[in-house]
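Every number here is computed from the coordinates shown, using simple stated rules; none is lab data. Please read all numbers here as calculations on a predicted model, not as lab measurements. For neighbour counting, all protein chains shown are included, and Cβ atoms are generated from backbone atoms with ideal geometry for every residue, glycine included.
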Amino acid sequence: MELTDEEFESLYTKLDCYKTDHINWDGFISFLMLELDTKMTDSTNSVAIEPPIVDDPIIIKSHHRSTITHFGLAPSVRLDGTIDYDDGKYVSMSKDGFVNLWTLDLKHLRSFRDKSLYNTLRTTWVTNFACLPDLNILVTSSTERELRFYDTTCKRFNLILVFVVMPFCVYNMHYHFTDNIKDESILICGDLGGNVRVFQFPKEDRGPFKRNIGVDVVVLKYEQVVKGKLKHMKAYNILNIHTDWVKEVSYYKLLGSFVSCSSSPNAMYIGDHHGFKNSYTFVLKRGIVMVKFTVPKVFH
């Protein structure tokens, strides 16, 4: 059997699954099992190849001044808590703070500008956003180390809550909620310091986002939120999980845990923000930039 240098390097990379520059027996067996599984899958599942898209692309005006950095879906939530993914809105955002809402067939609805209440000397740099569709809330994070919560029930987005002086800039966010109004919702934030911040709150009567008469905007330091100064909201810190930015963070109800990843060697973390369950750290020299968890389908 003869191999070219490129073929040998490719084979060696597959065998060195732990990226230790050494091949051990476990790595060899893992490679054989994966190759066998791939060949069995290819031979048993014949998928019809669909013809490629041949129509010309449709050009739509973005209504953004700079490149779109994030795009998400806010599904409709009925009064009984039912989540309807066939109805809702798309949300697009650029780093200069412009946010646009779209119908599901990409018809532009309205725009607004996200900016800090205090930073008037330079342009804001928005890093991410999360939709809280069951509460009609949109939250944004920025380099000012702020979390800004907007009420989206009206045509004009109203800023109702701001967390200031976050320890680090929040880089990634994920919102988890269910169709059961009794279940508490969870907003998870990963920051530039490799930490994860978790906010847990009820959604009955809009929870911590219920507006008080005579108060336009509630501004709190993050320390105050951690100490329980905001009614109906609990905050948790899971510190020093990674040694680099948190690239992605998600919560999975089936695991009862959140998953975060980073490009640092301590690449992936699975843990419970309450500390009731064991936590797991996965080490990978080159890190991980994205994680998706899927539930396997069982066929009878």
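For the pair segment 91-111 / segment 208-280, the C-alpha centres are spaced 26 Å from each other.
Charges were assigned to the Cβ only: +1 to each Lys and Arg, -1 to each Asp and Glu. The resulting dipole of segment 68-283 about its Cα centre is roughly 620 debye. Along the positive direction of the dipole of the chain (beta-carbon charges: Lys, Arg +1; Asp, Glu -1; about the Cα centre), which of Gly88, Trp245, Leu220 reaches farthest? In the chain, that residue is Leu220. Computed from Cα positions, the angle between helix 25-44 and the longest principal axis of the chain comes to roughly 80 degrees.
Does segment 169-300 come out rounded, prolate or oblate by the C-alpha gyration tensor, with a ≥ b ≥ c the root eigenvalues, rounded set by a/c under 1.5 and, if not, prolate when a/b is larger than b/c and oblate if not? Oblate. Put +1 on the Cβ of every Lys and Arg and -1 on every Asp and Glu Cβ in the chain; which of Ile288, Trp125, Leu32 then has its Cα farthest towards the positive end of the dipole? Ranked along the dipole, the leading option is Trp125. Helix 5-15 and the longest principal axis of the Cα set of the chain meet at an angle near 70°.
At each listed q (0.15, 0.21, 0.27 Å⁻¹), what is the log10 of I(q)/I(0) that the Debye formula gives for segment 186-263 modelled as equal alpha-carbon point scatterers? Cα-only, vacuum Debye calculation for segment 186-263: -0.62, -1.00, -1.25. Labels on offer are (1) -0.45, -0.74, -0.93; (2) -0.36, -0.70, -0.99; (3) -0.46, -0.82, -1.06, and the one holding log10 I(q)/I(0) by the Debye sum over Cα atoms at q = 0.08, 0.11, 0.13 Å⁻¹ computed from this structure is (3).
What residue among Thr153, Thr140, Thr127 shows peak mean-square fluctuation when the chain is described by a Gaussian network model with Cα springs under 10 Å? Comparing Thr153, Thr140, Thr127 in a Gaussian network model of the chain, the most mobile one is Thr153.
Between the amide H of Asn128 and those of Ser141, distances stay under 5 Å, these residues lying 5 or more places away or on another chain, with hydrogens modeled in the peptide plane. Remark on Glu248: its backbone amide H falls under 5 Å from those of Cys261, a criterion applied only to residues 5 or more positions apart or on other chains, H modelled at 1.01 Å from N.
Taking only the Cα atoms of segment 48-191, the radius of gyration and Dmax are 16.7, 57 Å. Using just its DSSP H runs of length 4 or more, each adding -39500 (n - 2.57), the chain gives a mean residue ellipticity at 222 nm of -3500 deg cm²/dmol after division by all residues.
Candidate cross-link partners of Lys292 among the lysines, defined by an alpha-carbon separation under 25 Å and a same-chain spacing of 8 or more, comprise Lys14, Lys19, Lys39, Lys89, Lys95, Lys247, Lys253, Lys277.
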